[in-house]
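The values are calculated or read from the model by the stated rules, or taken from the named source; none is laboratory data. Bear in mind that the values here come from a model prediction, so they are computed numbers and not experimental data. Backbone-built Cβ (ideal geometry, glycine too); neighbour counts: all protein chains shown. In case anyone asks, the SASA skips ligands and DNA or RNA and just uses the protein heavy atoms, side chains included. Shrake-Rupley method; radii C 1.70, N 1.55, O 1.52, S 1.80 Å.
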Amino acid sequence: MSRLLPIAKRGEPILQQRAQEVTDIHDPTIQALIDDMLTTMLEAGGIGIAAPQVFISQRIIIVASRPNPRYPDAPLMEPVAMLNPEILWLSADTCTGWEGCLSVPDARAPVPRANNLRLRYLTRWGESVETEYTGFIARIIQHECDHLDGILFPERVGDKQKIVSEAEFQQVSRARE
Ligand code: K1U
Ligand code: ZN
């Protein structure tokens with residue numbers, strides 16, 4: 001039975017630390033952690049989550065994507081757990097898009113990210129995968145890998161005045177509809 005875990009909020013030291021590599025993928029506590037992260041992400045309405053966000057300093061992320069009112073063009077991607085993810089290549093071309101974070105509630109900002117990336121990771125079953133991602137999924141991966149290196153999205157925003165509340169974000173979104 002998986003558990004709902006508490007989500008670390010900005011200011012918690014674990015969110016500023018580099019997370020540790022996973023050394024034993026078959027450790028039952030790692031498998032249980034992945035299940036708990038999935039449950040926690042779904043309950044929080046997220047499209048990604050990283051282990052430090054649930055107070056565990058391990059290099060594990062979950063990436064999911066679905067079309068939604070905020071990102072109607074988002075592709076559908078069932079949740080994938082990625083262990084020890086390594087970004088092997090980032091494209092020089094970037095795109096600025098709105099981000100939020102379960103650990104930075106009530107804040108949204110436009111964040112520049114590479115459009116494409118090449119990623120290597122281990123699946124929860126220990127298989128090594130190397131593949132390319134593009135667009136919104138590449139954005140989620142960069143956001144989650146930043147968590148593993150102790151970086152929160154507001155640090156990627158050059159002009160801090162561009163960071164807005166959820167209510168202001170909704171107004172901006174509606175004005176562009
Ligand atoms: O890491 C996290 O805090 C999860 C974060 C992932 C993310 C969102 C937007 C851009 C890049 C990465 C979230 O899921 S915050 C919630 C959110 O923005 C959202 C939730 C459901 C649908 C669409 C967006
Ligand atoms: Zn986040």
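Listing for the model above:
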item	result
Positions within the range 48-77 being within 14 Å of ligand 1 (Cβ to nearest atom), among the small types (G, A, S) and part of a loop (DSSP other than H, G, I, E, B), in sequence order	A74
Selection from the range 139-168 of residues that are among the aliphatic types (A, V, I, L, M) and more than 24 Å from I14 (Cα to Cα)	V164, A167
Residue match in the range 95-110 (condition: touching a strand residue (DSSP E or B) at 6+ places or on another chain (Cβ under 9 Å), free of Cβ contacts under 8 Å to residues at least 12 places away in the same chain and open to solvent by 70 Å² or more (accessible area, probe 1.4 Å))	no
Test for S103: is it touching an Asp or Glu at 6+ places or on another chain (Cβ under 9 Å), of a type in the set (G, A, S) and at pLDDT 95 or above	yes
Enumeration of residues in the range 41-61 that are in contact with a Lys or Arg (Cβ under 8 Å, 6 or more places away or on another chain) and of a type outside the set (G, A, S)	I47
Lone qualifier among D24, D36 - being among the acidic types (D, E), farther than 27 Å from D159 by Cα, at pLDDT 95 or above and open to solvent by less than 40 Å² (accessible area, probe 1.4 Å)	D36
The range 80-94, subset of a type outside the set (V, I, T), in contact (Cβ under 8 Å) with a residue 24 or more places away in the chain and surrounded by fewer than 18 Cβ atoms within 10 Å (Cβ to Cβ), residue nearest to ligand 1 (Cβ to nearest atom)	L90
Options L119, L90, L76; residue that is of a type in the set (A, V, I, L, M) and within 15 Å of the chain's Cα centre (by Cα)	L119
